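Right, one structure below, let's go through it.
The values are calculated or read from the model by the stated rules, or taken from the named source; none is laboratory data. Please read all numbers here as calculations on a predicted model, not as lab measurements. Note that we place each Cβ from the backbone using ideal geometry, even for glycine, and neighbour counts take in every protein chain shown.
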Number of protein chains: 2
Amino acid sequence: MSTNPLLKGTLQTVILKLLEDHTEMYGYEITQKVKEISAGDVLLTEGALYPALHKLEADGFLETFTQIVDNRVRKYYRLTEQGGKEVTNKVTEAEAFIDQLQTLLSLKPAVK
Amino acid sequence: MSTNPLLKGTLQTVILKLLEDHTEMYGYEITQKVKEISAGDVLLTEGALYPALHKLEADGFLETFTQIVDNRVRKYYRLTEQGGKEVTNKVTEAEAFIDQLQTLLSLKPAVK
DNA sequence: TTATATACCTAACAAACTTAGGTATATAAA
DNA sequence: TTTATATACCTAAGTTTGTTAGGTATATAA
């Protein structure tokens, strides 16, 4: 019943931020890290994650390389130089969004 | 150029919250109130607003009545009883979303 | 008479999800 | 041994929710 896009358009921002903090990650690892950080509250669906990664790569923000571990393929992602700049932009945008939403919903904890 | 869904899936929540605080509002008034509260940062597009209002009404969260003012029609919206409960749900959901996003982006100001 | 503000609306398109599949290997449990 | 779970990648159909771009109409200021 829950039509619940958990990250509401901020998935790209979260991915970029994780890659800023962890340098190199593969898709499955990202789902686990998000689950861990959010204490199990945010469960990325693969149908959202993989297309998002491919788009970020196509846009020039990520680059990839593959490794074989235990006979299984891992596709690692890493920020490009352009991607490094984009993290800052997207995080700033997310902060503004949170700020606006808190204002509109009267959730601001204190006066700015 | 800005593909900027300013409210990223929270438009319904914002509308319901405004109607909780102001009892009765019409569409155009909502756009002006959002602009005012956000200091001009959030400009609702009518193509998003009106369908959202119609959906909230169809879902039983809002009821309407019309008034003529200066020969022009105003369609007022008001929360139904069910809508009154839904505000709480949706605002709680939005708070959780903000919290999760702040955690994932390392934006949390302090430890909880 | 032209532009801006007020006031409603819809339709075509795009973005970003969910849901539901598919392929394949390693390992723990029944 | 076979079944389930974890690991690891992927895509396609459908839905929701927005943008963009129109349309109609009245009041008022330039």
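Can you find a residue in the stretch A:15-24 that is within 30 Å of B:Ile15 (Cβ to Cβ) and either of a type in the set (Ser, Thr, Tyr) or part of a strand (DSSP E or B) (or both)?
There is no residue in the stretch A:15-24 that is within 30 Å of B:Ile15 (Cβ to Cβ) and either of a type in the set (Ser, Thr, Tyr) or part of a strand (DSSP E or B) (or both).
Do we find that A:Lys8 is closer than 24 Å to B:Lys90 by Cβ and basic (Lys, Arg) in this structure? So that I can check it myself, show each step before the final result.
Values: closer than 24 Å to B:Lys90 by Cβ: yes; basic (Lys, Arg): yes.
Judged against the criteria, A:Lys8 is a match.
Go through the stretch B:34-56 and count every residue that is of a type in the set (Ser, Thr, Tyr), more than 10 Å from DNA strand D (Cβ to nearest atom) and part of a helix (DSSP H, G or I).
Going through the stretch B:34-56 one residue at a time, the tally reaches 0.
In the stretch B:71-109, what count of residues is obtained for those that are aliphatic (A, V, I, L, M) and outside any helix (DSSP H, G or I)? Give the derivation first.
If we filter the stretch B:71-109 for residues that are aliphatic (A, V, I, L, M), which is where we start, we get B:73, B:79, B:87, B:91, B:94, B:96, B:98, B:101, B:104-105, B:107.
Among the residues that remain, those that are also outside any helix (DSSP H, G or I) are: B:73, B:79, B:105, B:107.
Qualifying residue count, the stretch B:71-109: 4.
Being more than 13 Å from every other protein chain (Cβ to nearest Cβ), under 25 Å from B:Asn89 (Cα atoms) and within 16 Å of DNA strand C (Cβ to nearest atom) is the requirement here; does A:Thr45 meet it?
The answer is yes for A:Thr45.
Collect the residues in the stretch B:89-108 that are more than 24 Å from the chain's Cα centre (by Cα) and of a type in the set (D, E, K, R), keeping them in residue-number order.
B:Lys108
Residue-by-condition table, conditions (1) more than 13 Å from the chain's Cα centre (by Cα); (2) more than 8 Å from DNA strand D (Cβ to nearest atom):
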| site | (1), (2) |
| --- | --- |
| A:Gln32 | no, no |
| A:Glu63 | yes, yes |
| A:Asp70 | yes, no |
| A:Arg78 | no, yes |
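Condition first: modelled with pLDDT of 95 or more and more than 9 Å from chain A (Cβ to nearest Cβ). Now tell me which residues in the stretch B:91-111 satisfy that.
B:Thr92
State yes or no: is A:Glu29 away from every other protein chain (no Cβ under 14 Å), acidic (Asp, Glu) and assigned to a helix (DSSP H, G or I)?
The answer is yes for A:Glu29.
Do you know which residues across the stretch A:3-24 are within 12 Å of the chain's Cα centre (by Cα), among the charged types (D, E, K, R) and either more than 13 Å from DNA strand C (Cβ to nearest atom) or surrounded by fewer than 17 Cβ atoms within 10 Å (Cβ to Cβ) (or both)?
A:Lys17, A:Glu20, A:Asp21
Select from the stretch B:25-48 the residues that are touching a Phe, Trp or Tyr at 6+ places or on another chain (Cβ under 9 Å) and surrounded by 14 or more Cβ atoms within 10 Å (Cβ to Cβ) and list them in ascending order.
Hits for the stretch B:25-48 are B:Met25, B:Tyr26, B:Gly27, B:Glu29, B:Ile30.
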